[in-house]
1. Do we have GLY210 as touching a residue at least 24 places away in the same chain (Cβ under 8 Å) and open to solvent by less than 40 Å² (accessible area, probe 1.4 Å) here?
2. Considering each of VAL394, VAL379, VAL412, VAL390 in turn, give the residue that is modelled with pLDDT of 90 or more, of a type outside the set (Lys, Arg) and within 23 Å of ALA225 (Cα to Cα).
3. May I ask you to say which residue of PHE177, PHE140 is in contact with a Pro (Cβ under 9 Å, 6 or more places away or on another chain), open to solvent by less than 10 Å² (accessible area, probe 1.4 Å) and either in contact (Cβ under 8 Å) with a residue 24 or more places away in the chain or within 24 Å of LEU81 (Cβ to Cβ) (or both)?
4. Name the one entry in PRO294, PRO320, PRO298 that is farther than 30 Å from LEU184 by Cα and not polar (S, T, N, Q).
5. Any residue at all in the range 327-342 that is more than 20 Å from ALA61 (Cβ to Cβ), among the small types (Gly, Ala, Ser) and not in a strand (DSSP E or B)?
6. Taking the range 190-218 only, how many residues are of a type in the set (D, E, K, R) and under 25 Å from the mean Cα position of the chain (by Cα)?
7. Which one of these is among the small types (Gly, Ala, Ser) and out of contact with any helix residue (DSSP H, G or I) (no Cβ under 9 Å at 6 or more places or on another chain): ALA318, ALA328?
8. Tell me which residues, restricted to the range 331-361, are open to solvent by 30 Å² or more (accessible area, probe 1.4 Å), of a type in the set (Ser, Thr, Tyr) and touching a Leu at 6+ places or on another chain (Cβ under 9 Å).
Amino acid sequence: MRFTNLTRRTEIGANCYALEAGGRRLILDSGLHPRQEGLEALPDFSLLGDAEVDAIVLTHAHQDHVGSLPVLMRRFPQARLFATEATRRISEVMLHNSVNVMLSVRREKGISDYPLFTHRELDASVRRWQSVPLRKPWGFEGERLGPEGGEGFEFFDAGHILGSTGVLIRAEGRTLFYTGDVNLDDQTLSRAASFPEEPVDVLVMETTRGDQPVPEGFTREAEEARLGAAIAAVFERGGAVLIPVFALGKTQELMAMLVRMRERHLLPEGFPLYIGGLSAKLTEIYDDLAGQWPRHRPELRLMERLEPFVVGGREIGALPLKGRRIYALTSGMMTEHTLSNLFASRLFNDPAHGIFFIGYADPESPGGRLRAAAPGEPVALAPGGTPHPVRCEVRAFQFSAHAARERLREWVGRVRPRKIVLVHGDEPAVEWFRATLAADLPESEVIVPTPGVSVEL
């Protein structure tokens, strides 16, 4: 087995990995870097050369794992693509939206490389995608494996978002498990991952939260109650709450939390909820597949239960501010020109309102700058924009969809891989896992793969 990290840096970026095994070449995920633009946002596909790719395996539909897929499939038109049905449906929506975003950025910034692919090209590539269910071994040629087994792969629920998986690969008499993005604890909507517990030869593992210890006494239920109390306090003073969210995953988890807060009387029934158009499309897929994927409360249909108002950029300047309202708007980092960024500029100068973060925000993003600002400190929400003092309430809550480092450490101790390959993390996070797992498992080799360098496994 030979592993090549196709990302350009050791960080959370354009996740994409090549695996040569059993005379075949597989690609694990094909992401787009969230903080780069143009061709720099792509994985380094030049490392693949001209040799054929036999199969592409997608773990889930977040942009940093699927955003460059049409570019990869253009380069290797014969490659088979495998994903769960949920990932297939969500990826199609996400990638069409990505084309629209790239066209807009091209107009605004003149980036000639955009769009990296077109709607028509995406439609053509989708016809080559094959859906594979959980816990059903499949061969790399696209056939389901029988009881006798053979070389192939098997999907395991990763508990991260709808459709997310880890993948167990069997080849050359060895086993390799790639976690993708994983959560080993229950969320409000998604159940905890159901991963193998038996030993594996090689583990390729995400390290996102390696530099973030779980606070002492932390529980998700207590954090949910804290968020509910903060929203209720804004409602009491007649203000509105902006919650910047990612359209995929965070929006649906927040909606499930709001349902539960109503049922527990932490929040009143009937307050207006506003979401963006992409969030609405993805939530409809969540509702449609509610009974077909491991989750809590499969009977709950979020759009039907909460009846959110769906808004776009043209309406953002006319939306009402007063009167106990929640705006769950993209993007989660309040990137320039997104709904959350545009709407924040209308309310962050008024102490009646609140801006509450429930996920990660890059420190250099507008959301990251706002989170770090002291009360009254001037903040600009766009480059070259006029800084205004932060007078609304700004708070952050912890509802990560990634596994806590302590829980990953426990699980690795049970599967005891011979080799551990650490990916998908910034350098401090990767280093914590490297040092900790090397001490925990001295018989295992812990590898931090240098981008662009092949590693013999």
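1. Values: touching a residue at least 24 places away in the same chain (Cβ under 8 Å): yes; open to solvent by less than 40 Å² (accessible area, probe 1.4 Å): yes.
It is true that GLY210 is touching a residue at least 24 places away in the same chain (Cβ under 8 Å) and open to solvent by less than 40 Å² (accessible area, probe 1.4 Å).
2. Working: VAL379 fails: within 23 Å of ALA225 (Cα to Cα); VAL412 fails: within 23 Å of ALA225 (Cα to Cα); VAL390 fails: within 23 Å of ALA225 (Cα to Cα).
The match here is VAL394.
3. Numbers: PHE140 fails: in contact with a Pro (Cβ under 9 Å, 6 or more places away or on another chain).
Checking each option against the conditions leaves just PHE177.
4. On the way: PRO294 fails: farther than 30 Å from LEU184 by Cα; PRO298 fails: farther than 30 Å from LEU184 by Cα.
Among PRO294, PRO320, PRO298, only PRO320 is farther than 30 Å from LEU184 by Cα and not polar (S, T, N, Q).
5. Within the range 327-342, one or more residues are more than 20 Å from ALA61 (Cβ to Cβ), among the small types (Gly, Ala, Ser) and not in a strand (DSSP E or B).
6. The first filter runs over the range 190-218 and keeps only residues of a type in the set (D, E, K, R), leaving 191, 197-198, 201, 206, 209, 211, 216.
Now restrict to residues that are under 25 Å from the mean Cα position of the chain (by Cα): 191, 197, 206, 209, 211.
Going through the range 190-218 one residue at a time, the tally reaches 5.
7. Values: ALA328 fails: out of contact with any helix residue (DSSP H, G or I) (no Cβ under 9 Å at 6 or more places or on another chain).
It is ALA318.
8. We begin by selecting, within the range 331-361, every residue open to solvent by 30 Å² or more (accessible area, probe 1.4 Å); these are 333, 335-338, 342, 345-346, 349-351, 360.
From the residues that got through so far, the ones that are of a type in the set (Ser, Thr, Tyr) too are 335, 338, 345, 360.
Scanning the range 331-361 gives THR338, SER345.
The values are calculated or read from the model by the stated rules, or taken from the named source; none is laboratory data. In this text the structure is predicted, and so the values were computed from the model without any measurement. Glycine gets a Cβ as well: all are built from the backbone with ideal geometry, and neighbour counts include every protein chain shown. Surface areas here come from the heavy atoms of the whole protein model, side chains and all, with no ligands, DNA or RNA. Shrake-Rupley method; radii C 1.70, N 1.55, O 1.52, S 1.80 Å.
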